[in-house]
Structures are given as C-alpha cells and as structure tokens.
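Right, one structure below, let's go through it.
The values are calculated or read from the model by the stated rules, or taken from the named source; none is laboratory data. Everything numeric here is computed off the predicted structure, so don't read it as measured data. A quick note on method: Cβ atoms are made from the backbone with ideal geometry, for glycine too, and the neighbour counts reach across all protein chains shown.
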Amino acid sequence: MDQQKLKNVLKQALIEQQTPPVKKPKRTPVFIVIIICLVLFGVQYSTTLFSSDSATGPYGKIILPSTGSVTGKDVNVTGETKNLESGQYVWLAVDKPGLGLCWPKTPRIKANTRFKTTIYEGGPKEPYTLSLYAVTKIVNDQWQEWLEKEMHGGVPMPPDKRRLDSVRLVLGEMVTATKNW
C-alpha cells in the first residue's frame, strides 16, 4: 500500500471514531426572561431569606402614632405583635433613657394580636419615647405591682433586647378645629 493510500485510510478511521460535536442550545428569549426573573427574585428576597432576623422571631410594631406626632395626654395607640412565645407579656411604656427608667402603661397588651388602646401620659410637655416591650413574668409581675400601688417614680427599663419597637413623640397641645357660627 502506498503511503498516500495509508494516510487516507487512517484519516477515514479517525473521522469514523470521532464523537460528533455537541451543539450548544440556543438561548431563546423566553429562557432569557426566566433567568432575569429568577435573578430579580433573588435580589428582592435574599435579604429576608438569609437575614439574621428570622421571620419567626418575636415581632412588634407601633403603627400609630408615628414618630414625631404631637399627642395629648390621652394617646391612641395601634399596633401588632407576632411570634411571641408563651411566658412573654406585652406592655407599652414611656421610656426616659437618660434616667434608665420607664413608666408602664395600662392596659397590658394581649400577645400575638393587632391591638388598639388608649394610654394616659401625664408627664411634662416635651418629647418622650413610647416603647412596646415583651417582658418576662418576673418583670410583668413587678410592673403590675407598681401600677396597683400607684407608684410614680418609674421602674428600671428592661434590656434593649426586650424592646419590640419604639416611637419618639411630643406631648403638647392637641389642636382641634372649631367652627365659630
């Protein structure tokens, strides 16, 4: 066999033994839209899915009044609490962080509900902090006793981790519109 013929036979054998080339799938517009949607979904929810604040952790929010509101002595409060374990008691209290004291407000809030209540704030006409706390039975009992004995000096503020939410408010004159006939 001459060399040229041998070359051709070997070439043909190599071609027959080769695996066919893999075709790359075409990226259709639908495929691209799906990928974009998945990326956007991941960006939107990655902070809540992977945050340290679990959606199942204790949650509380003072919805009204909002921070900066001017209130009278009677303060209408709307809020909600979720995911509180049994043995946690929910209270509203006016905080004086500079003194390390707070003044619990009645009535105590039922846990794991939306609530609407009215508290009385008789302090000086100045800014104050209204906080929503989830406290232990020991603190609950102390606050209940403090209220029953009508003490006025305030009680030690609970640790910050017990504060579910707070709003900064201003005690002042409530302006009401009146008609002069």
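Does region 45-57 include one or more residues that are modelled with pLDDT of 70 or more and either surrounded by 14 or more Cβ atoms within 10 Å (Cβ to Cβ) or polar (S, T, N, Q) (or both)?
Looking only at region 45-57, we keep the residues that are modelled with pLDDT of 70 or more, and these are 56-57.
Filter once more, keeping what is either surrounded by 14 or more Cβ atoms within 10 Å (Cβ to Cβ) or polar (S, T, N, Q) (or both): 56.
Within region 45-57, one or more residues are modelled with pLDDT of 70 or more and either surrounded by 14 or more Cβ atoms within 10 Å (Cβ to Cβ) or polar (S, T, N, Q) (or both).
Taking into account only those residues within region 130-146 that are out of contact with any strand residue (DSSP E or B) (no Cβ under 6 Å at 6 or more places or on another chain) and among the hydrophobic types (A, V, I, L, M, F, W, C), which is surrounded by the fewest Cβ atoms within 10 Å (Cβ to Cβ)? So that I can check it myself, show each step before the final result.
Step one: of region 130-146, the residues out of contact with any strand residue (DSSP E or B) (no Cβ under 6 Å at 6 or more places or on another chain) are 136-139, 141-142, 144-145.
Filter once more, so that each one left must be among the hydrophobic types (A, V, I, L, M, F, W, C): 138-139.
Values: 138: 9, 139: 20.
Going through the qualifying residues, I end up with 138.
Does any residue in region 62-77 that is more than 18 Å from residue 108 (Cα to Cα) come within less than 8 Å, Cβ to Cβ, of a residue that is surrounded by 12 or more Cβ atoms within 10 Å (Cβ to Cβ) and basic (Lys, Arg) six or more places away or on a different chain, and which pairs are these?
Final answer for the pair search is 67/168; 68/168.
Select, from 151, 157, the only residue that is free of Cβ contacts under 8 Å to residues at least 12 places away in the same chain and either hydrophobic (A, V, I, L, M, F, W, C) or under 23 Å from residue 74 (Cβ atoms) (or both). Reasoning before the result, please.
Working: 157 fails: free of Cβ contacts under 8 Å to residues at least 12 places away in the same chain.
Every option except 151 fails the conditions.
From the residues in region 66-94 that are farther than 22 Å from residue 157 by Cβ and among the β-branched types (Val, Ile, Thr), which one is modelled with the highest pLDDT?
78
Test of understanding: among 127, 97, which residue is more than 18 Å from residue 65 (Cα to Cα), loosely packed, with under 13 Cβ neighbours inside 10 Å and of a type outside the set (Phe, Trp, Tyr)? Outline the logic, then answer.
Details: 127 fails: more than 18 Å from residue 65 (Cα to Cα).
The match here is 97.
Could you pull out the residue among 108, 114, 162 that is surrounded by 15 or more Cβ atoms within 10 Å (Cβ to Cβ) and closer than 12 Å to residue 60 by Cα?
On the way: 108 fails: closer than 12 Å to residue 60 by Cα; 114 fails: surrounded by 15 or more Cβ atoms within 10 Å (Cβ to Cβ).
Of 108, 114, 162, the one residue that is surrounded by 15 or more Cβ atoms within 10 Å (Cβ to Cβ) and closer than 12 Å to residue 60 by Cα is 162.
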